[in-house]
Amino acid sequence: MPEYMLNNQAWYLSTTLRKCCERHFFWDMNQCMGISAEGTEKWYVDYLALTCVKDCEGVSPCGGVAEAWDELFKDKKECCEVKMPWTRKCLRTEI
């Protein structure tokens, strides 16, 4: 163990994996805990692609598993209307 950790064991050492993850990797609890996330089959916006994608792994229209902060919608039309109302490209675009 590095010396800086030995000098501050109360901060760096935890009694459980969950407590360690909550303290040091709170932004990605699933990966820290070794839990693979599954998609919901709902839709979320991909601003780089200027379209909405499905919360799933695989080929288009899947855009990967959504992050915890992504707002999810029941279908692509609703997602595009709420998140990207300024462009019609959203509904036509596939990734």
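The values are calculated or read from the model by the stated rules, or taken from the named source; none is laboratory data. Note that the structure is predicted; figures quoted are calculated from it, not measured. For neighbour counting, all protein chains shown are included, and Cβ atoms are generated from backbone atoms with ideal geometry for every residue, glycine included. Keep in mind that these areas ignore ligands, DNA and RNA; they rest on the heavy atoms of the full protein, side chains included. Shrake-Rupley method; radii C 1.70, N 1.55, O 1.52, S 1.80 Å.
Scanning segment 73-95 for residues that are within 27 Å of Trp27 (Cβ to Cβ) and either surrounded by 15 or more Cβ atoms within 10 Å (Cβ to Cβ) or touching a Leu at 6+ places or on another chain (Cβ under 8 Å) (or both) gives Phe73, Cys79, Lys83, Met84, Ile95. For segment 24-38, filtered to residues that are of a type in the set (Gly, Ala, Ser) and surrounded by fewer than 12 Cβ atoms within 10 Å (Cβ to Cβ), the residue that is modelled with the lowest pLDDT is Ser36. Per the conditions (1) over 30 Å from Leu17 (Cβ atoms); (2) open to solvent by 60 Å² or more (accessible area, probe 1.4 Å); (3) among the aliphatic types (A, V, I, L, M), the sole criterion not satisfied by Ala68 is (1). Among residues of segment 19-43 being hydrophobic (A, V, I, L, M, F, W, C) and assigned to a loop (DSSP other than H, G, I, E, B), the one that is farthest from Lys76 (Cα to Cα) is Phe25. Sub-6 Å Cβ pairs linking a first residue in segment 13-31 that is without any contact (Cβ under 8 Å) to a residue 60 or more places away in the chain to a second residue that is open to solvent by less than 90 Å² (accessible area, probe 1.4 Å) and among the aliphatic types (A, V, I, L, M), at least 6 apart or interchain, are Cys21/Met29; Cys21/Met33; Asn30/Ala37, ordered by first then second residue.
Just to be sure before I move on: is Cys21 surrounded by 13 or more Cβ atoms within 10 Å (Cβ to Cβ), more than 13 Å from the chain's Cα centre (by Cα) and modelled with pLDDT of 95 or more in the structure I sent? When the stated conditions are applied, Cys21 does not pass them. Pairing residues of segment 39-65 that are within 18 Å of Lys83 (Cα to Cα) with residues that are basic (Lys, Arg) and not in a strand (DSSP E or B), at Cβ distances under 6 Å and at least 6 apart in sequence or on separate chains, gives Trp43/Lys76; Val45/Lys83; Leu50/Lys89; Cys52/Lys76; Asp55/Lys42.
For segment 50-59, filtered to residues that are part of a loop (DSSP other than H, G, I, E, B) and in contact with a strand residue (DSSP E or B) (Cβ under 8 Å, 6 or more places away or on another chain), the residue that is farthest from Arg88 (Cα to Cα) is Glu57. Would it be correct to say that Lys42 is open to solvent by 50 Å² or more (accessible area, probe 1.4 Å), modelled with pLDDT of 90 or more and touching an Asp or Glu at 6+ places or on another chain (Cβ under 7 Å)? Yes.
Here the condition is being within 29 Å of Cys90 (Cβ to Cβ), of a type in the set (Ser, Thr, Tyr) and open to solvent by 50 Å² or more (accessible area, probe 1.4 Å); of Tyr12, Tyr4, Tyr47, it holds for Tyr47 alone.
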